[in-house]
1. Return the residues of the stretch A:102-132 that are within 15 Å of the chain's Cα centre (by Cα) and closer than 24 Å to A:G145 by Cβ; say none if nothing qualifies.
2. Tell me, please, whether a residue that is surrounded by fewer than 22 Cβ atoms within 10 Å (Cβ to Cβ), in contact (Cβ under 8 Å) with a residue 40 or more places away in the chain and farther than 29 Å from A:V154 by Cα can be found in the stretch B:177-189.
3. Right, A:I155: under 22 Å from the mean Cα position of the chain (by Cα) and within 20 Å of B:P150 (Cα to Cα) or not?
4. Going through the stretch B:32-57 one residue at a time, which ones are crowded, with 18+ Cβ neighbours inside 10 Å and in a loop (DSSP other than H, G, I, E, B)?
5. Of the numbered conditions (1) closer than 19 Å to B:Q135 by Cβ; (2) without any contact (Cβ under 8 Å) to a residue 40 or more places away in the chain; (3) among the β-branched types (V, I, T), A:I118 fails exactly one; give the number of that condition.
6. Report whether or not A:D316 is in a loop (DSSP other than H, G, I, E, B) and not assigned by TED's automatic domain parsing to the domain that holds A:V116.
7. So which residues in the stretch A:115-138 are of a type in the set (D, E, K, R) and under 19 Å from A:L293 (Cα atoms), if there are any at all?
8. Scanning for something away from chain A (no Cβ under 14 Å), touching a helix residue (DSSP H, G or I) at 6+ places or on another chain (Cβ under 8 Å) and under 30 Å from A:F142 (Cα atoms), does the stretch B:203-225 turn up at least one residue?
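The values are calculated or read from the model by the stated rules, or taken from the named source; none is laboratory data. Quantities reported herein were computed from a predicted structural model and do not represent experimental measurements. Please note: Cβ atoms are built from the backbone with ideal geometry, for glycine as well, and neighbour counts cover all protein chains shown.
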Amino acid sequence: MPLPALNWVAIMDTKSKIELGAFPIAKIMVAMGMLFFLAQACQPDTELNIQSEPSPVLISINHFPEMPLEEGKELTEEAIAAGKALFFDPILSRNRDLPCSSCHLTQLAFSDGRAVAIGTEGRLHNRNSPTLFNVAWQPYLFMDGGNPTLESQVIGPIEEHREMDLPYSEAIARVAAVDYYQELFQRAFKEDVNPKTLALALATYERALVSFNSAFDRYEYAGDASALSPGQKRGLALFKSAELNCVACHVLPLTTDFSFQNNGLYEVYEDPGRARVTNNIPEHEGQFKVATLRNIALTGPYMHDGSLGSLEEVVDHYASGGSNHRLKSSLITGFSISAQEKADLISFLEALTDTTSYKAYMP
Amino acid sequence: MKLKYFVAALALATFMTSCEDDTPSQNPSTTTSEVPVILHYDFKYGTTDFALNQEFTSDSGYTIRYTLATFYLAKPVIMDDAGNSTALDPEYYIIRPDVMMSNMGTIEAGHAHMFNLSIGVDAETNTETGGNGMQPTDFSDVNHPLAPQPEGMYWSWASGYIFVKIEGEIDYEGDGTYDQSFKYHLGTDPFRKDRSTMLHTSVEKGDTLDITMTVDYQQFLHGIDLHSEILTMSMGDARPLAEKMMNQFDAATSFELGSDHGHKK
């Protein structure tokens, strides 16, 4: 079985002076295509050579904060390849029918288009599948922040009864029994498949899922005044305005401050949110991590439970000021917005879509 | 003359070899002044030996069987009467009903005053609410007690180890059909139980310090309503039940010096 191709290319290297502002999109695509070609051409021989060192990968995006990376979790081509192979392989689900990609579809910016996730044997989750783009910058995982690292969260969807429903120890045994994976892991980590390396492989692939090249990015950070339409520019102004104050939580450029907020979706929350993981601290009831808005047009339905089906409904929710929940964020106060302004705002949100990124990650 | 040299060399070699026997070994397990510590396990259901999937009768007269009964022990320590403590090694143990004993390393011969350990995983290692600590994905060695376990002894959604995981089934009518399951997944830092046992014994070269941990799984369910108090994951509205069941487990557990296996000091 041949080793997988490294068909991910979204690399911006400041050292090589690739400035987003200096490259119109066509040139970026050409550059990415060349990188893609080189990545393919530079594939290691299929003959296992564990003496060679993994090839480091630097993801440095000029207008993003530096990617937080702990020692020992550096990105390498080999680790990304191992993680990618696992991500699209149903081997990690009890019935060998659901890969990670069944709830995180590349063409939907690694969400799934459903209100809530559907796991093995059709079991319904109670939460919406989030995008995985830019998870490398998340200081904690899951909507309630209950998990501290991308590595340790790997256990969650694999073991969760409503997702893949496979004991992690069994997942390790399954993957370790496949020579192909042992080869990949030896290349990537110089170790066998084990609890640490399996998690590290998936986490490394997920860290490499970056999205930074939307029309908004080109307008805001690359000086391309034509990247946004007049309506989108008006929408951006509304987004930043004191009255709507979206940027209070959806802080640029990542479009989230990762805080936990009760956004007044309900008066009574069936899902306690962050309170679930903080031993029922009452103040945490109904709090969920502020979601990224990048690729938001692709990642509906919206909210933690997918209860709002469209961006129009989302804007209506915030314009209304939400419910009267006693712990609702003080930032959710409502605002008046005309039909034109609403259309402009949604048009701006659509300009946060980065098709160049997700296409790079197609299997 | 040559024979004299040969005899002298032989005598010297014999002398040196005999001296080697008295040289302290670099291996702690063979150091003469060190005493092995062994924790024995005695799992009971009342007066009956306990085993998974074996039928027992509850206090209410229901037929029950346990399908899972796994727990963590952490950081055992022996203290002498001067208050000096010796941390035993290894630090973590995962205990199932088929485990007979745990070798807990050695202590220096002398007076063993107190035996301390935790039921559960210490707060420094147990990760909660997104904090730092250890997770099963930190371990390359699948045999480490804190590595992923077949019964799933870790909550990834709240990132913490499950200290005690007990599951079983209840046959209310006694008709041979199990009507209800019970699941007690007990953990989070406030629910860990730190135990101290007075030993007050002296151990000498050649001894073994034997301690026995007894868990009575009938006592564990004593006073529990097997209709309404049957499920907790230590979260949400079922958190009070988790606290209660952890107290039940604590009460069902005892430690004493000695063992039933003939090693009693």
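1. Step one: list which residues in the stretch A:102-132 are within 15 Å of the chain's Cα centre (by Cα), which gives A:102-113, A:128-132.
Within the stretch A:102-132, A:C103, A:H104, A:L108, A:A109, A:F110, A:S111, A:D112, A:N128, A:S129, A:P130, A:T131, A:L132 meet the criteria.
2. Keep residues of the stretch B:177-189 that are surrounded by fewer than 22 Cβ atoms within 10 Å (Cβ to Cβ), which gives B:177-183, B:189.
So of that shortlist, the ones also in contact (Cβ under 8 Å) with a residue 40 or more places away in the chain come out as B:178, B:180-183, B:189.
Those left that are additionally farther than 29 Å from A:V154 by Cα: B:178, B:180.
Checked the stretch B:177-189: at least one residue is surrounded by fewer than 22 Cβ atoms within 10 Å (Cβ to Cβ), in contact (Cβ under 8 Å) with a residue 40 or more places away in the chain and farther than 29 Å from A:V154 by Cα.
3. Here the answer is yes, as A:I155 does meet what is asked.
4. Scanning the stretch B:32-57 gives a single hit, B:F50.
5. A:I118 satisfies all of (1) closer than 19 Å to B:Q135 by Cβ; (2) without any contact (Cβ under 8 Å) to a residue 40 or more places away in the chain; (3) among the β-branched types (V, I, T) except (1).
6. Numbers: in a loop (DSSP other than H, G, I, E, B): no; not assigned by TED's automatic domain parsing to the domain that holds A:V116: yes.
Here the answer is no, as A:D316 does not meet what is asked.
7. First pass over the stretch A:115-138, keeping only residues of a type in the set (D, E, K, R): A:121, A:123, A:127.
Once the filter is applied, which keeps residues that are of a type in the set (D, E, K, R) and under 19 Å from A:L293 (Cα atoms), the stretch A:115-138 yields only A:R127.
8. No, there is no match, as no residue in the stretch B:203-225 is away from chain A (no Cβ under 14 Å), touching a helix residue (DSSP H, G or I) at 6+ places or on another chain (Cβ under 8 Å) and under 30 Å from A:F142 (Cα atoms).
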